[in-house]
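The values are calculated or read from the model by the stated rules, or taken from the named source; none is laboratory data. What you are looking at is a predicted structure, and each value in this text was computed from that prediction instead of being measured. Counting neighbours? That spans all protein chains shown, and the Cβs are built from the backbone with ideal geometry, glycine included.
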Amino acid sequence: MLRIGLTGGIGAGKSTAARRFELLGARVIDHDVLARRVVEPGSAALVDIVAAFGDRVLVDGQLDRAALAKVVFASDAERQRLNDIVHPYVLAAGLAADRQARLDGVDVVVHDIPLLQETGQGGDFDLVVTIAAPAEVRVERLVASRGMTPADAAARIAAQATDEARAAIADVVLDGSGEPEHLAAQVDAFWLERVPH
């Protein structure tokens with residue numbers, strides 16, 4: 001089973017690439033989905049988050065993502081504290097999904113991990129693919145698609161690793177600055193060249 005780590009900054013086009021990998025036949029394990037799953041009501045991760053940040057991050061027994069975001073995106077130390085809580089749970093969930101894929105006889109698994117570089121997982125995969133796009137393009141996309149203010153979008157981008165840091169751990173860097181079709185064509189070319197058939 002070929003294991004690919006897919007990463008890229010917020011708004012760079014990583015989700016577009018992940019969808020293309022899925023169309024090509026890979027099983028995509030979305031670590032954002034896992035991160036939401038591990039903090040569901042009653043989870044150990046949610047208990048740990050409330051212990052660290054207090055009831056202000058809860059609403060009706062569920063994680064109040066907006067309230068938590070206000071806290072963690074205003075402080076590097078608080079963001080690191082959250083990451084230290086959540087990442088081990090997400091890593092365990094990702095490994096479980098990986099084992100299931102192997103049991104299912106899947107040939108190619110793509111782990112879609114926004115913070116792959118930041119969490120030191122670059123060496124955990126057979127290949128690492130990074131999607132890169134200039135910050136100004138990413139800000140425009142986040143304002144248009146997610147309703148963020150330009151300042152909020154810039155803060156989210158600044159909170160993540162740089163494109164250079166992600167490129168340093170990548171086997172290939174794909175250009176996500178253009179139209180989705182342009183990125184899809186690059187994923188297709190990578191698939192033909194680097195994935196055994």
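Structure notes:
- Any chance Ala93 is assigned to a helix (DSSP H, G or I), in contact with a helix residue (DSSP H, G or I) (Cβ under 6 Å, 6 or more places away or on another chain) and not assigned by TED's automatic domain parsing to the domain that holds Gly178: yes
- The set of residues in region 108-122 being modelled with pLDDT of 95 or more and outside any loop (DSSP other than H, G, I, E, B) consists of Val108, Val109, Val110, His111, Asp112.
- Residue identified as hydroxyl-bearing (Ser, Thr, Tyr), closer than 16 Å to Phe21 by Cα and either touching a Ser or Thr at 6+ places or on another chain (Cβ under 7 Å) or surrounded by fewer than 16 Cβ atoms within 10 Å (Cβ to Cβ) (or both) among Thr130, Thr162, Thr149: Thr130
- Where Gly105 falls short, out of the listed (1) outside any helix (DSSP H, G or I); (2) crowded, with 18+ Cβ neighbours inside 10 Å: (2)
- Number of positions in region 82-119 that are within 12 Å of the chain's Cα centre (by Cα) and within 20 Å of Gly13 (Cβ to Cβ): 9
- Annotation: Ser15 fulfils all but one of (1) outside any helix (DSSP H, G or I); (2) hydroxyl-bearing (Ser, Thr, Tyr); (3) out of contact with any strand residue (DSSP E or B) (no Cβ under 6 Å at 6 or more places or on another chain); the unmet one is (1).
- Of the residues in region 32-51, none is over 30 Å from Gly123 (Cα atoms), without any contact (Cβ under 8 Å) to a residue 12 or more places away in the chain and part of a strand (DSSP E or B).
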